[in-house]
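Worksheet: one structure, shown below.
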Amino acid sequence: MGGNLDEVGEVVRWLSRHLADPAEVPGDDSWLFDHKVVAFTTFVQTGEFTDLSITIDPGSVGLCVRARATLL
């Protein structure tokens, strides 16, 4: 998975939610940038995408860094 994205430095990992421990992975799709910034997708109840939520919160970033490490 990832195709040409790997060639430009983007590493894509996918994990089926039912195989993950909810305490060890983010509850939403996320993108980790340089181990400092995380962007989460935001959806409404009907499943429609509405926005991205971007954070530099150390707890949120740390969760994503640890989750990424387990998927590599």
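The values are calculated or read from the model by the stated rules, or taken from the named source; none is laboratory data. Since we're looking at a predicted model, the values are computed, not measured. Positions of Cβ are generated from backbone atoms using ideal geometry, with glycine treated the same way; all protein chains shown enter the neighbour counts.
Counting only strands (runs of 3 or more DSSP E) that sit completely within the chain, those holding 1 or more residues that are hydroxyl-bearing (Ser, Thr, Tyr) and either loosely packed, with under 12 Cβ neighbours inside 10 Å or at pLDDT below 75 (or both) correspond to 49-55.
Residues in region 43-57 that are of a type in the set (A, V, I, L, M, F, W, C) and more than 15 Å from the chain's Cα centre (by Cα): 2 in all. Residues of region 36-56 that are under 15 Å from PRO26 (Cα atoms) and hydroxyl-bearing (Ser, Thr, Tyr): THR41, THR42, SER53, THR55.
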